[in-house]
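The values are calculated or read from the model by the stated rules, or taken from the named source; none is laboratory data. Bear in mind that the values here come from a model prediction, so they are computed numbers and not experimental data. Because the Cβ atoms are built from the backbone with ideal geometry, glycine has one as well, and the counts that use them run over all protein chains shown. What goes into the accessible areas is simple: the full protein's heavy atoms, side chains included, and nothing from ligands, DNA or RNA. Shrake-Rupley method; radii C 1.70, N 1.55, O 1.52, S 1.80 Å.
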Amino acid sequence: MRLSNYFLPVLKETPSEAQIASHRLMLRAGMIRQAAAGIYSWLPLGFKVLRRIENIVHEEQQRAGHVPLLMPTLQSADLWRESGRYDDYGEEMLRIRDRHKRDLLYGPTNEELITDIFRSAVGSYKDLPLTLYHIQWKFRDEIRPRFGVMRGREFLMKDGYNFDLTKEDALHAYNRHLVSYLRTYERMGLKAIPMRADGGPIGGDYTHEFLVLAETGESEVFYDSEITDLTFGDREIDYTDVGQCQAVLEEFTSRYARTDETHDEAVFAEVPEERRRTARGIEVGQIFYFGTKYSEPMGATVVTAGGERVPVHMGSHGIGVSRLVGALIEANHDERGIIWPEGVTPFHVGIVNLKQGDEATDAACEALYKGLQALGLDPLYDDRSERAGAKFATMDLIGLPWRITVGPRGLKNGVVELTSRRTGESEEMSPEDAILKVNGIYAGL
RNA sequence: CGGGGCGUAGCGCAGCCUGGUAGCGCGGCGGUUUUGGGAACCGUAGGUCGUAGGUUCGAAUCCUAUCGCCCCGACCA
């Protein structure tokens, strides 16, 4: 993309309503614009990041064997009356009435709808196990939306639901989700720690939340410092292997890690003192096993091999996709702006032309731009007639992890400069080598 | 929902207390000189002062109501 053809309304000054880094930077970098309290338009740059996160979630879900579909944002109140949650959910649910005076709601989650789909189409144990998921906008009428997309009222969430014949099968699904979530966050360059959590309105005894450590996090967390050393890495995993998934769960949940909801001082005291940590975290996902809580009242049953009709065991699992954009920035920024991890960056590399209009630099930039694109990379070429400082400031603000600087001074010696946004380190090399180097950086992702 | 605060040009703000021609910086547009870390100068456009009532000769300013937004708390992916 050429910046002159793009829509990137960056702000030099910080809008007064933004208090935390991610909110400030998303507004300044032209990623979002507020439409109402807790409701945002996603401008091109923000939309691009959102889509990249969404894609990673899709890929990892499908790698784990989960099946995508798409349910609507508006749901009929009748289904929620059936489950008993229409009255239980409270003021957070946005209720709407249509012209025929029928009660609708903007879905805050989809247990009822998915259970309805399941029960009308599945009747046999032979159809199990099954995990369906979608990535769809949700609405929860928060009392007090804040922190930009971190606590919006409208937010994009991946929510998935597993249907299994037995509790054991459903717990495998639970473990499988934990593993796939570890992979998902790691691909985005985020360390998200699974912590024992509270069931909340969705309910269930088995539940873990995934927390990204950040000063601006809304939850207080307590953990054994050993847990932050764990990484999933590029190990191979067979998601159908019950033992493997179980082993990963045990590896990642055996150490103390809890939010304030479930924190237990007595148990925490058993962790060696030098490893005890108290911090703040951003919740970016949660997994539940809740048994037959919805299948029983809603009649989601299958017939077993023995001819018996039984309610299915279910669980649900969520990843806050739009919140992740904010969480990623909280975890990756400095005083100059955002620093995107390679896995989610909106553009792979920025090209800064220091002397727009100069024949040699223009030609070198064009060659770089086309060369990078030819390798399937997505560069952002700053071809505006701005001064060097303004171009650098924009690049730093929007946080592309790599920048190629092209100026007459370097070109005289046949070199351009490749700079890491994270470390600030620059290296001079020929344009051809710069293309190869950038290609190499992204080859594994 | 309790407490606090704010709505004045695209953004950041002053003016309000003490009523009398609506301002500043950034940004935009045109021009000149510049050009390796948000350039300088000149010119220029842009505002029913959130909205509705009221008081007054006169309201951004005082009064009332209302809408919106932000912050702290309780609640939450």
Provide the gained length on full extension for the span residue A:37 to residue A:17, in nm with one decimal, where the gain is 0.36 nm per separating residue minus the Cα-Cα distance. 6.1 nm
Any chance you could list the semi-axes, whole Å, largest first, of the equivalent ellipsoid that the Cα gyration tensor gives for the range A:3-337, using √(5λ)? 32, 27, 19
Residue span residue A:1 to residue A:266: 0.36 nm per residue of separation minus Cα-Cα distance leaves a gain in nm of 89.8 nm
How much accessible area per residue does chain A have, in Å², with a 1.4 Å probe? 44 Å²
Could you sort the peptides A:340-347, A:254-261 by per-residue average Cβ neighbour count (10 Å cutoff), highest mean leading? A:340-347, A:254-261
How much net charge surrounds residue A:151 when only other residues with a Cβ under 13 Å from its Cβ are counted (Lys, Arg +1; Asp, Glu -1)? -1
Carbon and sulfur atoms account, in whole percent of the 1.4 Å probe accessible area of the range A:190-304, for 44 percent
With N residues in the range A:347-443, what two-decimal value do you get for its Cα radius of gyration over 2.2 N^0.38 Å? 0.95
Apportionment of accessible area to carbon and sulfur, the range A:305-354, percent (1.4 Å): 44 percent
Heavy atoms of residue A:284: accessible area, 1.4 Å probe, square angstrom to 10: 0 Å²
Please report the orientation-averaged projected area of the range A:1-52, defined via the convex hull of its C-alpha atoms, in nm². 4.1 nm²
Expressed as a percent, the accessible surface of the range A:26-106 that is carbon or sulfur, using a 1.4 Å probe and the full set of protein chains, is 49 percent
Accessible-area order (highest first, 1.4 angstrom probe) of the listed residues A:267, A:149: A:267, A:149
Which loop trypsin sites (Lys or Arg not before Pro) in the range A:384-445, with loop taken from DSSP, have no more than 13 other Cβ atoms within 10 angstrom of their Cβ? A:387
Treating only the Cβ of Lys, Arg, Asp and Glu as charged (+1, +1, -1, -1), what charge dipole size does chain A show about its Cα centre? Round to the nearest 20 debye. 1560 debye
Using heavy-atom solvent-accessible surface (probe 1.4 Å) with all chains present, what is the largest-first order of A:209, A:265? A:265, A:209
Ordering A:48, A:355, A:138 by the accessible surface of their heavy atoms, 1.4 Å probe, largest first, yields A:355, A:48, A:138
Asserting the computed 222 nm helical MRE of chain A (DSSP H runs at least 4 long, -39500 (n - 2.57) per run, divided by residue count, to nearest 500) equals -10000 deg cm²/dmol
Rounded, prolate or oblate: which fits the range A:1-144, taking a ≥ b ≥ c as square roots of the Cα gyration tensor eigenvalues, rounded meaning a/c under 1.5, else prolate when a/b beats b/c? oblate
Relative packing of peptides A:315-321, A:210-216 - highest average C-beta neighbours within 10 Å first: A:315-321, A:210-216
When each of A:48/A:391; A:12/A:48; A:391/A:437; A:101/A:293; A:355/A:437; A:48/A:412 is checked by Cα-Cα distance, pairs over 27 Å: A:101/A:293; A:48/A:412
For the range A:90-175, size of Cβ-based charge dipole, Lys and Arg +1, Asp and Glu -1, in debye: 460 debye
For the range A:3-337, what is the percent of antiparallel DSSP beta bridges, rounded to the nearest 5? 95 percent
Using alpha carbon centers only, the range A:106-141 is separated from the range A:263-341 by a whole-angstrom value of 18 Å
